[in-house]
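The values are calculated or read from the model by the stated rules, or taken from the named source; none is laboratory data. Being a predicted model, the structure only gives us computed values, none of them experimental. Virtual Cβ from ideal backbone geometry, glycine too; neighbours counted across all protein chains shown. These accessible areas exclude ligands, DNA and RNA; they are computed on the full protein's heavy atoms, side chains included. Shrake-Rupley method; radii C 1.70, N 1.55, O 1.52, S 1.80 Å.
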Number of protein chains: 2
Amino acid sequence: MTIPLRRGPHQTGPVPDPRPLPAPSIPASGQEEIRRQNLSALLRHLHVYGPTSRTELSGLLNLNRSTIGALAADLVAADLATEEAPTTGRRAGRPSLVVSPRSERVWVRVATIESERLCVARVGLGGLIMDQREAPRPPGATPLDTVTELAALMGQAERDLGPDTVCAGGTVAVATTIHELDGTIHVTGADERIAAALDAALDVGAAKRPGFVTTDLAAAAVLAEHIRGVAVGMDDVVYLHGDRGISAGIITGGRLVTGRGGRSGQVGHMVVHPDGRQCGCGARGCWETEVGVAALLRAAGVPAGTRPRAVLRAAARGDAVARAALNAVAGWLGLGVANLVNLFNPDIVVFGGTLRELYTASATHIRRRVDSAALPASREHLQLRAGALGPDAALIGAAELAFENLLTDPLNARVPD
Amino acid sequence: MTIPLRRGPHQTGPVPDPRPLPAPSIPASGQEEIRRQNLSALLRHLHVYGPTSRTELSGLLNLNRSTIGALAADLVAADLATEEAPTTGRRAGRPSLVVSPRSERVWVRVATIESERLCVARVGLGGLIMDQREAPRPPGATPLDTVTELAALMGQAERDLGPDTVCAGGTVAVATTIHELDGTIHVTGADERIAAALDAALDVGAAKRPGFVTTDLAAAAVLAEHIRGVAVGMDDVVYLHGDRGISAGIITGGRLVTGRGGRSGQVGHMVVHPDGRQCGCGARGCWETEVGVAALLRAAGVPAGTRPRAVLRAAARGDAVARAALNAVAGWLGLGVANLVNLFNPDIVVFGGTLRELYTASATHIRRRVDSAALPASREHLQLRAGALGPDAALIGAAELAFENLLTDPLNARVPD
């Protein structure tokens, strides 16, 4: 018998922070703080949802019309937003002005360092990718080695910018696994030295512009899917990023899991098959030895280096060997997902990177395995979905982090040294 | 090459909350809100750290002496604290008054429902267990079936209380696994109906006293170890509670992980051995089939029903079969811990319940297995420890949750219907 449940009161509200100290900070001025909070809420709304009329903003932010008017005027004066009459007024009377984020003027720099690819983009306020460039990652190059190339790509992306645009920050999202040429794997955290090296290469400090931060690629991607993708409105999200291996970006209770040193989410090295293959990390039977690209190619009997898409296509055409290989990998994928479901009781598991196509090709098979191995209580209401933002998820999520200072305090965003 | 890392800036500060809405609430009165926050910080300090002089409080809470004096007077007037001169003044001059929580007067009701035992306690402000009683859990009784017995035990515990004492709330912490008589296992969340039934049995509503909440046993235990035990000051904690199976209470970034429906932490049903034994949950090779009490007894070749302590003692005496059984179970325990370390990158893994003795008996063996299977980056700085609070951890953690309303707003604690 499974008992149907409601959430307990202490689970629906904010979880009590068990830390008793430090004492609350006393704001220097209550009115100033309230204005900052309201400006933040308004700009954040424009950033996430795009142009919105003053009337709608008044209802959504629960502030009266004159307050919204004053706040919007502040954002316009700071060149963060524009206001204009809607092009088609449906009702009689004076139409409500529409407030829009200035995506062309205010932007952030983002970059991703994946195992085989480098990407950079300029992302405008509002989350629009304004310019995107990529290059192959040189074999054997550590993430830090790629900084010169990233800086060059960024320079190209910014060549034709007008002088009145503003860079509000930067984030570099890095796959935290390093594959040595001898096959061994080292997993690290997001190395802050990459951000520092980008600052230096782009002379950010000299220009007094906000500097870079480094983050984990899967962490950036889960933020993006949470704010703009398939996981909007969900507080408990597991995002699986497939590259050569598998890592995860995890949100619980609406907050990103980072771990003590920013090194959480190494799901690819969860041991699920102790009698299985040796993993490059030194352990045996890691999840990614059964689910990674190499496992799929091996099961399909095709040479290493073949594009995994070729196997998926062969399976779709009815090739029995490819289909069996795909089913075997899908079964292992479902097993590991079940483990994560039992641990995190998420609303949704999102498949990204190389796992996106694998999930799409085997959704039924994967779901069946999850249902057989995860507890009914843990998978109640569970959704499995391919990521909505595709290969851009990490870039878009990196931009969310880069905009955070501006969105928190629109008129006085902290500029790091 | 493993790259040494600092935490990234976005990882040291609070994680940006990705939810753009709702808009911030505007406090009715800034001064009132500041007073509430300061009273909360002061009472929380007394609750966690015990009697403290005004001088120390002034430094710890970063408030001037006269503010501390006024706040302490408020707490004294509300019968939540006392003030008195220290018994031994070491320095000349007027000694600083010592502020103490009124543990005898202000208390909460807590209960735990474990697989074989029911416990109730009255816990005073300050976290002191004032009265504790227990009874065996009747075989086959669901958690909800045990409410009458819990209420009776609570009635006994409160029989001799003076009329001027105040119950500030109640929490029942429940092991979320139900073992059917046929061996099948159902895992649920913390059933709010248990709290409601306790409210009814103790006539809490009629007395306008704060009602019960239900929580998960391992979640309560990890809070206790975090606030008062081995995990003080650590923001990333995995607490493993061994009973018949294994569940976990997990804190990441200083916040409890609950999952969508309060059903996270089912680590015992993480599949680590797909070719292994059938688990009562329906899956095969769950972690607890290799690590639970039954696994230890089976490996040692002793009858089910034997106390596991007997095996640990035999191993300590040098019995080769018992030692081999213990090592086998310790190896599997370490393997699952390594998986959790790779997922959560915690500061510490705490062993509680039946795992406490198992860990103590095999700490070296377990550590070795963790080191061989967890990524170096994920286990850097990792501590493994037996819980400091022993079998009382869940009771003490339940009390923390029950006191939360009072500690958040000492003079106007919300009283649920």
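What are the pairs, 6+ residues apart or on separate chains, where a residue within the range B:341-355 that is of a type in the set (Phe, Trp, Tyr) has its Cβ under 6 Å from a residue that is open to solvent by 10 Å² or more (accessible area, probe 1.4 Å)? Sorted first by the residue in the range B:341-355, then by its partner, the pairs are B:344/A:264; B:351/B:359; B:351/B:386. For the range A:380-397, a residue qualifies if it is open to solvent by 60 Å² or more (accessible area, probe 1.4 Å) and within 13 Å of residue A:121 (Cα to Cα), and exactly one does: A:391. Just so you know, in the range A:164-185 the residues that are hydroxyl-bearing (Ser, Thr, Tyr) and assigned to a loop (DSSP other than H, G, I, E, B) include one that is most open to solvent (accessible area, probe 1.4 Å), and it is A:184. Contact map, the range B:392-417: residues that are farther than 22 Å from residue B:130 by Cβ and assigned to a helix (DSSP H, G or I) paired with residues that are open to solvent by 10 Å² or more (accessible area, probe 1.4 Å) and modelled with pLDDT under 95, Cβ distance under 8 Å, separation 6+ or inter-chain. Pairs shown: B:408/A:16. When residue A:352 is tested against the conditions (1) part of a helix (DSSP H, G or I); (2) out of contact with any Pro (no Cβ under 8 Å at 6 or more places or on another chain), the lone failure is (1). Select from the range B:358-383 the residues that are in contact (Cβ under 8 Å) with a residue 40 or more places away in the chain, hydrophobic (A, V, I, L, M, F, W, C) and within 14 Å of another protein chain (Cβ to nearest Cβ) and list them in ascending order. Answer for the range B:358-383, where residues must be in contact (Cβ under 8 Å) with a residue 40 or more places away in the chain, hydrophobic (A, V, I, L, M, F, W, C) and within 14 Å of another protein chain (Cβ to nearest Cβ): B:377, B:382. Being among the hydrophobic types (A, V, I, L, M, F, W, C), facing another protein chain (nearest Cβ under 10 Å) and closer than 17 Å to residue A:47 by Cα is a condition met by at least one residue of the range A:389-401.
Filter the range A:220-237 down to the residues that are in contact (Cβ under 8 Å) with a residue 24 or more places away in the chain and assigned to a loop (DSSP other than H, G, I, E, B), then identify the one that is nearest to the other protein chains (Cβ to nearest Cβ). So that I can check it myself, show each step before the final result.
At the first step, the residues of the range A:220-237 found to be in contact (Cβ under 8 Å) with a residue 24 or more places away in the chain are A:220-231, A:234-237.
Subset that is assigned to a loop (DSSP other than H, G, I, E, B): A:229-231, A:234-236.
Details: A:229: 11, A:230: 14, A:231: 10, A:234: 8, A:235: 7, A:236: 5 Å.
Once the filter is applied, the top-ranked residue is A:236.
Conditions tested, residue by residue: (1) among the polar types (S, T, N, Q); (2) more than 14 Å from chain B (Cβ to nearest Cβ); (3) closer than 22 Å to residue A:204 by Cβ; (4) touching a helix residue (DSSP H, G or I) at 6+ places or on another chain (Cβ under 9 Å).
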| site | (1), (2), (3), (4) |
| --- | --- |
| A:97 | no, yes, no, yes |
| A:120 | no, yes, yes, yes |
| A:124 | no, yes, yes, yes |
| A:130 | no, yes, yes, yes |
| A:145 | no, no, yes, no |
| A:148 | yes, yes, yes, yes |
| A:151 | no, yes, yes, yes |
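Candidates A:198, A:161: the one that is under 30 Å from residue A:43 (Cα atoms) and either part of a helix (DSSP H, G or I) or of a type in the set (S, T, N, Q) (or both) is A:198.
Any residue at all in the range B:98-117 that's open to solvent by 20 Å² or more (accessible area, probe 1.4 Å), within 15 Å of residue B:395 (Cα to Cα) and not polar (S, T, N, Q)? Yes; the residues of the range B:98-117 include at least one that is open to solvent by 20 Å² or more (accessible area, probe 1.4 Å), within 15 Å of residue B:395 (Cα to Cα) and not polar (S, T, N, Q).
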